[in-house]
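A short reminder: the numbers here are calculations on the coordinates, not readings from a lab. The model shown is predicted, which means the values in this text are computed figures rather than measured ones. All Cβ positions, glycine included, derive from the backbone under ideal geometry; neighbour counts span all protein chains shown.
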Amino acid sequence: MRTASITRTTHETDIAVEVNLDGTGAYDVSTGIGFLDHMIEQFSRHSLIDITCRIKGDLHVDQHHTAEDSAIAIGQAIAQALGDKAGIGRYGQAYSPMDETLARVALDISGRPYFVWKAAFTQEKLGELDTELVEHWFHSISQAVGITLHIELLYGANNHHICEAIYKGFARAMRSAVELDPRKGGAIPSTKGQLGG
Ligand SMILES: [Mn+2]
């Protein structure tokens, strides 16, 4: 089973994460930030990665540690569950429309984190979530998993749609990259023979 769990307690957050890469998109998410829960739930549902993510963070300071640590812990759990990455699709991409918005996500679970972000919000908040944390969330998960991750907003006006289109595009790209490809027969998808960076 490609599953993993991470628990971590610091002065900033108390966090428990579980993932199942071969799940059905079942989730149990509570970060204390409603809009962030909504986005992590979208990620789970559309990637088919089961995700439990419970955090008690220092929200009296601000949302930074909680948002960041959700990305780091989910990313570390995914990396752990991927193991040596044998048989995975490795690459994923998605055009992600939501009404007037179109986003594009392309990624490679290369073991070499690299992050390109070409998107912007015109509101400071979505629900209670500080929108500047969205870019930081994706940067953090790309580092934690080891993903070369390119995210681009092609166009869009509604900030909720922009954010949700990006999360859903990331989810669908991750589904392709994480899923086992039976034609690969369990081989590591690199002519180098490893995907460790
Ligand atoms: Mn929504």
Skipping prolines and chain starts, which residues have an amide H placed within reach, meaning under 5 Å, of the one on SER30, given they are 5 or more residues away or on another chain? CYS53, ARG54, ILE55
Taking θ = phi - 60°, what integer Hz values does the Karplus form 6.51 cos²θ - 1.76 cosθ + 1.60 yield along region 184-196, in sequence order, with x for Gly and Pro? 7, x, x, 6, 6, x, 7, 5, 6, x, 7, 10, x
Going toward the positive end of the dipole of the chain, with +1 on Lys and Arg Cβ and -1 on Asp and Glu Cβ, which of ILE188, ALA165, ILE49 do you reach last? ILE188
Cα convex hull volume per residue for the chain, in Å³, equals 105 Å³
Relative contact order (%) - criterion: Cα under 8 Å, at least six apart; region: region 1-124: 24 percent
If the reach is capped at under 24 angstrom between alpha carbons, list the lysines near LYS192, excluding any in the same chain fewer than eight residues apart. LYS85, LYS184
Work out the charge dipole of region 17-109 with +1 on the Cβ of Lys and Arg and -1 on the Cβ of Asp and Glu about the Cα centre, then indicate which of ILE72, TYR95, HIS60 is farthest towards its positive end. TYR95
Kindly state, to the nearest 0.05, the FRET efficiency for ALA86 paired with ASP62, given R0 = 45 Å and r defined as their beta-carbon distance. 0.65
Counting Lys and Arg as +1 and Asp and Glu as -1, each charge on the Cβ, what is the dipole of the chain about the Cα centre in debye, to the nearest 20? 1020 debye
Sort PHE121, PHE35 by Cβ crowding within 10 Å, fewest neighbours at the top. PHE121, PHE35
Among SER5, ALA86, ILE151, which residue has its Cα positioned farthest towards the positive end of the charge dipole of the chain, with +1 placed on the Cβ of Lys and Arg, -1 on the Cβ of Asp and Glu, and the dipole taken about the Cα centre? ALA86
Exposure-ranked with fewest Cβ neighbours within 10 Å first, VAL19, VAL29, VAL105 stand as VAL29, VAL105, VAL19
Charge dipole magnitude, Cβ of K and R +1, D and E -1 - region 1-84, Cα centre, debye nearest 20: 140 debye
Report the normalised scattering of region 110-184 as log10 I(q)/I(0) at q = 0.25, 0.28 Å⁻¹, calculated by the Debye formula with identical scatterers on the alpha carbons. -1.24, -1.40
From the square roots a ≥ b ≥ c of the eigenvalues of the alpha-carbon gyration tensor of region 44-105, which class results: rounded (a/c under 1.5), prolate (a/b over b/c), or oblate? oblate
Partners for LYS118 among lysines (Cα-Cα distance below 19 Å; same-chain residues under 8 apart left out): LYS168
Note, ³J(HN,Hα) from phi for region 122-127, Karplus 6.51, -1.76, 1.60, rounded to Hz, x at Gly and Pro: 9, 10, 7, 10, 10, x
By counting other Cβ atoms within 10 Å of each Cβ, how are ASP99, ASP50, ASP14 ranked from fewest to most? ASP99, ASP14, ASP50
Between helix 132-145 and the chain, what is the angle of the helix's C-alpha long axis to the longest principal axis, kept within 0 to 90° and rounded to the nearest 10? 20 degrees
Give me the dipole magnitude in Debye, nearest 20, for region 129-197 about the Cα centre, with unit charges on the beta carbon: positive for Lys and Arg, negative for Asp and Glu. 480 debye
In whole angstrom, the spacing between the Cα centers of region 36-65 and region 114-140 equals 14 Å
